[in-house]
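Engineer: Handing you a structure now.
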Amino acid sequence: MSEPLLRVQDLRVHFDTEDGVVKAADGLSYELQRGQVLGIVGESGSGKSVSSLTIMGLSRAENARISGSVVFDGRDMLSLAAEQMRAVRGNEIAMIFQDPLSSLHPFYRVGDQLVEAIHAHHDVPRGAALDRALELLEMVGIPEPKRRVRAYPHEFSGGMRQRVMIAMALANEPKLLIADEPTTALDVTVQAQILDLIRRLKDELGMAVIIITHDLGIVAEMADEIAVMYAGRIVERGPTERIFAAPEHPYTWGLLGSIPRLDAPAGSELVPIPGRPPSLIDLPGGCSFHPRCPYVQPRHREQQPLLEPVPGGRGHAVACLLEHETRARLWRSLQRGAVPEQARASVLAEDAPDG
Amino acid sequence: MTQRNLTFARRPLFAAYAAAAALALGACGSDSSDNGDSQADGGATSAGFDAAVPAGDQQKGGALKLLSSESFAHLDPGAAYFQLDYMVMFATHRSLYYFKPDDPKTAVPDLAEAAPQIAADNKTVTVKLKKGIKYGTNDTSSPVNGQEVKAADVKYAFERGFKPSVANGYLATYFKSIVGADKAKGGDVAGITTPDDYTIEFKLAEPFGATLAKALVMPITMPVPKSYASKFDAKQPNEYDSDPDKQAFSGPYMIKSSSPGKSLTLVRNPNWDEATDERPAYLDTIEWTLGTDPNVAGRQIMSGTGIVNGDTPAASTIKQFATAAKDRISFTPLGNRFVNINTQKKPFSDLNVRKAFAAALDRKAMQLTRGGTLTGDIATHLLPPTLAGHEEAGGADGTGADYLANPSGDMAVAQSYLKKAGFADGKYDGPAIRMLGDNSSPAKESAAVVRRALESLGMKVNLTSVEHSAFYTKFCNVVDQLKKIDVCANYGWLPDFADPYAMLNANFNGEAIVPVNNSNASLFDNEKVNADMNAAAQITDEAERAKAWGAIDRALVEQVAAVPWFWDKTPNVRSKDVHGVIAQWNAAWDLSYMSLEK
Amino acid sequence: MVRYIIGRLLWMVVLLGLVSAVTFVIFYALPSADPAVLRAGRQGTPELIAQIRETLGLDKPIYVQYYLYMKAIVLDFDFGYSFQNSADVREEIVSRLPATISLTLGAVVVWLAVGLPIGMISAIKRRTALDRVTMGGALLAISAPVYWLGLVALYLFSRDIGAFPIFAGANSYRPLTENPAAWFDSLLLSWLVLAAAFAAFYARLLRSNLIDVMSEDYIRTARAKGLRERRVILRHGVRSAITPVVTVLGLDIGLLLGGAILTETVFNIPGIGRLAFDAIQRADLPVIQGTVLFAAFFIIVANIVVDIAYAFLDPRVRYS
């Protein structure tokens, strides 16, 4: 097996604030191979963007304490000097963001912003840079690139703007593209186009991609692997098919259960996860999901689960204190249409006499 | 409008900052002893300041700088009527008579050869001119340059005063008795004749000659050549007023250049013959900077060389000089202040009520509002110390009236007069009093003291406090308004020339009451006093004149035509190397006598 | 855009007409004094006053006076003559304009050169000791009354009366055309004094704008592109934060061109502000009208320029 392009190990990013320590990332570990797509899924406030920003060196603030290791293409990102980090950003690792209207500078023409991205890392004459800019616009599917290159961001539609952002990110042919909620601000129809575009470009350029999203549906088709985050930690991680076919974590079940599906029985209700995500300052003791878990046991309040491999699943790991068999039975129960209370009643009652 | 609260004409151009000056001095006014002492030197100035005509070892030459906040209103001798304008006029033109700096009472012939001859019937005044006085002009090729001054030029100077393009402000007051003056519109005035080139004669319709002769010190007598000036006088605005290149100068200096609001420069008049003039004219040039900030100017005078003030110094300046440079600040008495009460309306139509008010007014407190003893003396009657008739009216001690005996006021006396007026328990119980006050400082503070006095009598006071110029032009100079007002708090007067007529007539002669621009704010109209004033105006003998006007002053005090409270002093400051000479009659520098120390 | 400008210029004419009418009405409705009476002096007889009133044209009904006044301006660009000293109003104003312009533009240069860098650095080093010191100093500078500051500056630093003789003192102004060196020397201290409060204000303004802008998404993008931080701050941050500053700058210049009265007074710089101040005190209507119209003109033009500049600065704003 070749070296992964990116290996994150036990990454912790804590911010010291007046109100307390914000544990945005609390022991994250994952890997990404070249050309592979990783989906990081979680609610807002789960800390899902933090690890990506840290990879880029964009979370270095005065009050940030970063520990662990981030190795990209054989280099330890966390120990790089600021200038070295800058040389990597926008060059070998690129990032696109959620709202393309606010993420592009409103006062500069799109062409100039593209050229700027190129000039940040390559000393080429302006003419050559402009040619490349046109090339990029064509590549992302923007019609009439010669005319549009002189336009301002506000003169584009939402989907077109995101294409421009993608073009800008790809200007220097990065090895890794991080897409943070790339489609959240777009119409549903446009979402699909953008995702298609990303997939096509990934194939053409051989890029690795990390897609950060709250929407499992988006990564279902695109991601090779999925990492589910909760409260600054990865609670389940594994190949996409496994996550969808045999998810092990109650939170993942909740996420799946709250996706509207066309093939669900008519009249069936979406089952939301009760409660709200915890504050990253004030994490609950023990398993951080326990306040919202329908299957919580007394000892879950004290003991912290670690990410452990699932028996029989290649590369599938989960952090949960329930037994594997228990989880499997609960999942089967849910698949048959039971609501969490029913599942709990039937499965855990069976277990009770065994202790 | 930066006029002192003595209406907006002459003199008051030193105004606004005098106001502030006064206030700031309030604290330090008490360092000298009681006002009683300082009143003794009516005209004195501090040691080291030579107001007398200096001895002959003054240095000729040099340039003097003056700093003023104000600008000149007129540079035309026929139109000039402000203290600031006068300083320039009397240095650049020669009037028939003038006052030497140290003697504001004796008119000395300047353009004239000798004292005026007044006919026995007081209806003709004849003046003979000196010969050989020549004009100087900036443009040496001008036809008037080097031309001799003739009597016809003085005649024309008067006549043009009636033209709209000159519009002299005091012709009517002092010269309306000239035959033909009341119909004059700028053309020939029959009553002014020139029997020969060097004689001018005024024929009067009334016996006003004695006073008219005294008024011949005014700038209207400064000669203007008709052939030269009439083309300018025909147009509005009049270039003779604003463009020094269009003027003909008879005095020791000429206006070389004038930039309105910015600067003015005087240079020697090459055609001035010092043999014809008693003035020494030591300085070579005089440079006036206008629009200066008074606080800054004061410091520049303090630490600089060759600079004096052009108009009233700021309060901080006066304080600074009075403490650190006593020998470089002088205080010159000029003018008076009084409170007017409506003598034609109840309650002040009752003499006893007027006396009560006079007794109740704390004149010491009034003095403090002006800034204390340095800024002037407490008045005991109306004629100030430098004028004839002052001593005759009792001098510093006053007329002996019991209601003015105590400078801090005397409530017992006040109450006794109220009782005499019919208010049984010595307290007024009639309708409220309407009082008008000027809302600029320190007039505002003075008005407050007046109000306290009225209230101590038991009066309820409705005070209307208005902006400075409105105080005069809208209220206290307008008869229709005066009829509805009981007290005008902030009045006073500066004489146009040093004569008791010029000091008292406009304010207290019933016949001087006019519907607009009225200066008799008490509406005082006493037949006997009117007749006495008209008669006293005709007296030519100096001693008799002083006696007569002294008696009138006493009568005015007896009748409480107004309540006098202050005899003003004007401050002036100089740099250390300036030999300063103050023209007492104007309470300002006399540029023709000043010099710079070697 | 051209149509827009023309439209604004036409509107300016209307506004100036309105301003002059309102000034006229104020002067006549709430007069502080009667100019004819002032001019006549305290002894002036009713006949003299009437004569002067006729000379000055004050005997006509107010709308006739206004009509004649506007006619003179429109046909001959004649603004009349001062009631006080008969000086030609237009000449007076035009002769004083260079002084006011000199004072204004010099101060602008100073306050931009000082205030903007301070604002930028304070924003970047926010909450450090440096930031607190500069912002505290700025607060002081804004609070100090200009007149007082001018006096203190002269008492400390002028060559004739100051404790440390460095700068030229008051009354030393010389026009640029007459003597450029003396012109510059005479204005230095007054530029510093006039600029003080503005520099402080602009520093605070830029600082707060820049702090807001630096938290915008496009700044994050710029960093993600791998741009040097200096370029991010200047080209992306300041470029956005500067637009409100430009707006305010235009308006401030417009205002100051109408006359910085207090500074002109303390330093005795013969500008329009001082002229207006004196005229108001003397109830000199033609001069008041003239200065008010000029001041209004500058302010209106400044507004137009600023609005147009805004369209160039922010491409999202377009005038059709």
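The values are calculated or read from the model by the stated rules, or taken from the named source; none is laboratory data. Given the structure is predicted, the values throughout are model-derived calculations rather than measurements. With ideal geometry, Cβ positions are generated from the backbone for all residues, glycine too; neighbour counts draw on all protein chains shown. The protein model used for the area step is the full one, side chains on, heavy atoms only, and it has no ligands, DNA or RNA in it. Shrake-Rupley method; radii C 1.70, N 1.55, O 1.52, S 1.80 Å.
Engineer: Please find, among B:THR140, B:THR124, B:THR106, the residue that is β-branched (Val, Ile, Thr) and out of contact with any strand residue (DSSP E or B) (no Cβ under 8 Å at 6 or more places or on another chain).
Structural biologist: The match here is B:THR140.
Engineer: Moving on to the next point. Can you name every residue in the range A:78-96 that is under 21 Å from the mean Cα position of the chain (by Cα) and modelled with pLDDT of 90 or more?
Structural biologist: Correct list: A:VAL88, A:ARG89, A:GLY90, A:ASN91, A:GLU92, A:ILE93, A:ALA94, A:MET95, A:ILE96.
Engineer: Checking C:PHE298 against (1) open to solvent by 50 Å² or more (accessible area, probe 1.4 Å); (2) aromatic (Phe, Trp, Tyr); (3) farther than 30 Å from B:THR473 by Cα: exactly one of these is not met. Which one?
Structural biologist: C:PHE298 satisfies every listed condition except (1).
Engineer: Hey, another quick one. Does C:ILE49 meet the test of being within 14 Å of another protein chain (Cβ to nearest Cβ) and open to solvent by less than 40 Å² (accessible area, probe 1.4 Å)?
Structural biologist: yes
Engineer: Does B:LYS474 count as touching a Lys or Arg at 6+ places or on another chain (Cβ under 9 Å), surrounded by fewer than 21 Cβ atoms within 10 Å (Cβ to Cβ) and under 30 Å from C:TYR28 (Cα atoms)?
Structural biologist: So B:LYS474 does not fit the description; no.
Engineer: Determine whether the range B:435-442 contains at least one residue that is assigned to a helix (DSSP H, G or I) and more than 14 Å from every other protein chain (Cβ to nearest Cβ).
Structural biologist: Within the range B:435-442, none of the residues are assigned to a helix (DSSP H, G or I) and more than 14 Å from every other protein chain (Cβ to nearest Cβ).
Engineer: Determine whether the range B:417-434 contains at least one residue that is open to solvent by less than 60 Å² (accessible area, probe 1.4 Å), part of a helix (DSSP H, G or I) and more than 24 Å from B:ASP377 (Cα to Cα).
Structural biologist: Checked against the condition, which is being open to solvent by less than 60 Å² (accessible area, probe 1.4 Å), part of a helix (DSSP H, G or I) and more than 24 Å from B:ASP377 (Cα to Cα), the range B:417-434 yields at least one hit.
Engineer: Would you point out which residue out of A:PRO145, A:PRO106 is within 20 Å of C:HIS236 (Cα to Cα) and either open to solvent by less than 40 Å² (accessible area, probe 1.4 Å) or outside the structural domain of A:VAL188 (by TED's automatic domain parsing) (or both)?
Structural biologist: Just a single option satisfies the conditions, and that option is A:PRO106.
Engineer: In addition: Which is open to solvent by 10 Å² or more (accessible area, probe 1.4 Å), within 14 Å of another protein chain (Cβ to nearest Cβ) and touching a helix residue (DSSP H, G or I) at 6+ places or on another chain (Cβ under 8 Å), of B:ALA184, B:ALA215?
Structural biologist: B:ALA184
Engineer: From the residues in the range B:520-542 that are part of a helix (DSSP H, G or I) and among the polar types (S, T, N, Q), which one is farthest from B:GLN117 (Cα to Cα)?
Structural biologist: For the range B:520-542, the residue satisfying everything is B:ASN530.
Engineer: Given the conditions (1) facing chain B (nearest Cβ under 7 Å); (2) in contact with a Leu (Cβ under 9 Å, 6 or more places away or on another chain), and given that C:GLY57 satisfies all but one, which numbered condition is not satisfied?
Structural biologist: All conditions pass for C:GLY57, except number (1).
Engineer: Suppose we filter the range C:209-221 for residues that are facing another protein chain (nearest Cβ under 7 Å) and in contact (Cβ under 8 Å) with a residue 12 or more places away in the chain; how many remain?
Structural biologist: 2
Engineer: Of all the helices (runs of 4 or more DSSP H) wholly in the range B:280-380, which have at least 3 residues that are touching a residue at least 12 places away in the same chain (Cβ under 8 Å) and away from chain C (no Cβ under 14 Å)?
Structural biologist: B:315-324, B:351-360, B:363-370
Engineer: Would you be able to say whether some residue in the range C:248-264 is modelled with pLDDT of 90 or more and within 14 Å of chain A (Cβ to nearest Cβ)?
Structural biologist: Looking for residues that are modelled with pLDDT of 90 or more and within 14 Å of chain A (Cβ to nearest Cβ), one finds none in the range C:248-264, hence no.
Engineer: Please specify each residue of the range A:221-245 satisfying the condition of being over 14 Å from A:ILE40 (Cβ atoms) and touching a helix residue (DSSP H, G or I) at 6+ places or on another chain (Cβ under 7 Å).
Structural biologist: Correct list: A:PHE244 only.
Engineer: Within the range C:57-70, is even one residue among the aromatic types (Phe, Trp, Tyr), under 27 Å from B:GLY186 (Cβ atoms) and either touching a Lys or Arg at 6+ places or on another chain (Cβ under 8 Å) or in contact (Cβ under 8 Å) with a residue 24 or more places away in the chain (or both)?
Structural biologist: Yes, the range C:57-70 has at least one match.
Engineer: Just one of A:VAL70, A:VAL88 is buried (at least 21 other Cβ atoms within 10 Å of the Cβ) and in the same structural domain as A:GLU181 (by TED's automatic domain parsing); which is it?
Structural biologist: Checking each option against the conditions leaves just A:VAL88.
Engineer: Take the residues in the range A:73-109 that are among the acidic types (Asp, Glu) and touching a residue at least 24 places away in the same chain (Cβ under 8 Å), then tell me which one is farthest from the other protein chains (Cβ to nearest Cβ).
Structural biologist: Step by step, filter the range A:73-109, then rank; the result is A:ASP73.
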